[in-house]
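Below: the structure, in C-alpha cells.
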Amino acid sequence: MNENVTVREVMEREFVGVSESDGVLETSELLLREEADLAVVLRGSEPVGVVTDRDVLAHLVSDGDPAAATVEDVMTESVPTVAAEETLPEARDRMSSWSTSWLVVSDGGEPAGIVTEHDILATSALGSEATAQQAMGQTASQAVADEVATVGATATAGQTIPDEPFDDQGICEQCGSLARNLAAFNGQLLCDDCRDI
C-alpha cells in the first residue's frame, strides 16, 4: 500500500448530502440517480448521520411507510470519519474498527468527501504495480542508460541516439501527457503536475 498517500488524494469529492427532514422516497431516488450507496445527513454543514441503501431496505422490511418517513426516521446516527490529511493505512484501520466500507472525510471540521474501501484497494493495487515496475524499471533504465552511453560514445554525425522507451509510461487522464508516475486521484490516473493543481 502507498504508505504516504493521504485520504485527500484518493477521496471522492462529490457526495450526496441530505437533511433530516427530507423524505425517504426522495432520498432513495437521489441515491439511485447519483448511483451512490449512501447519503451524508447534514445539519447545516455538520454531518449528523448517514442513510445507506441498507437503512432504507430495513425500514421497508419493518413495514414502514416510505412515503411518510423522513431521513431522520431511517438514518444511522454514527458517522465514521477520517481527516483528509490521514494516510491510507490509517483510513483502512479506521474502516476496520468501525466495520464499514466507507468513511466521511472531514477537512477543517466540515465534510469534504467520501473515501471507500474500493478507493483504498485501487490505490494499493496501483502502488504494488508501481513498486514492481519500479524494481523492474531500475534494471531496464540501467540497460537503456548503458545503451545510450555506448551509442553516444560511438555516434557519428547524422546518427541519432534512441529515446527512452515508452512502454513504462501511461497517459494522464487530466492533461493527456505521457508520464511514468501516475497515481489515482479522485477516480482518475494523474501525473505529478496535475495532482499538484
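The values are calculated or read from the model by the stated rules, or taken from the named source; none is laboratory data. Remember, predicted model here, so these are calculated numbers, not experimental data. Cβ: placed from backbone, ideal geometry, glycine included. Neighbour counts: every protein chain shown.
Is there any pair with a first residue in the stretch 180-197 that is at negative phi and outside the structural domain of A112 (by TED's automatic domain parsing) and a second that is of a type in the set (S, T, Y) and crowded, with 17+ Cβ neighbours inside 10 Å whose Cβ atoms are under 7 Å apart and which are 6 or more apart or on different chains, and what are they?
Final answer for the pair search is A184/T123.
Where in the stretch 1-85 are the helices (runs of 4 or more DSSP H), entirely inside, with at least 1 residues that are over 19 Å from the mean Cα position of the chain (by Cα) and not assigned by TED's automatic domain parsing to the domain that holds L189?
24-34, 53-61, 71-74
Say we look at the stretch 86-115 and pick out the residues that are hydrophobic (A, V, I, L, M, F, W, C) and either part of a strand (DSSP E or B) or not assigned by TED's automatic domain parsing to the domain that holds D53 (or both); which of these is nearest to G49 (Cα to Cα)?
Step one: of the stretch 86-115, the residues hydrophobic (A, V, I, L, M, F, W, C) are 88, 91, 95, 98, 102-105, 112, 114-115.
Restricting the remaining residues to those that are either part of a strand (DSSP E or B) or not assigned by TED's automatic domain parsing to the domain that holds D53 (or both) gives 102-105, 112, 114-115.
Values: W102: 13, L103: 12, V104: 10, V105: 13, A112: 15, I114: 13, V115: 16 Å.
So the residue we want is V104.
Would you call G23 touching a residue at least 24 places away in the same chain (Cβ under 8 Å) and not basic (K, R)?
Here the answer is yes, as G23 does meet what is asked.
Among (1) of a type in the set (S, T, N, Q); (2) touching a residue at least 12 places away in the same chain (Cβ under 8 Å); (3) out of contact with any helix residue (DSSP H, G or I) (no Cβ under 6 Å at 6 or more places or on another chain), there is one condition S99 misses while meeting the rest; what is its number?
(2)
How many of the residues in the stretch 45-74 are among the small types (G, A, S) and surrounded by 15 or more Cβ atoms within 10 Å (Cβ to Cβ)? I'd like the intermediate steps shown before the answer.
Looking only at the stretch 45-74, we keep the residues that are among the small types (G, A, S), and these are 45, 49, 58, 62, 64, 67-69.
Checking the rest, the ones that are also surrounded by 15 or more Cβ atoms within 10 Å (Cβ to Cβ) come to 49, 64, 69.
Residues flagged as among the small types (G, A, S) and surrounded by 15 or more Cβ atoms within 10 Å (Cβ to Cβ) within the stretch 45-74 amount to 3.
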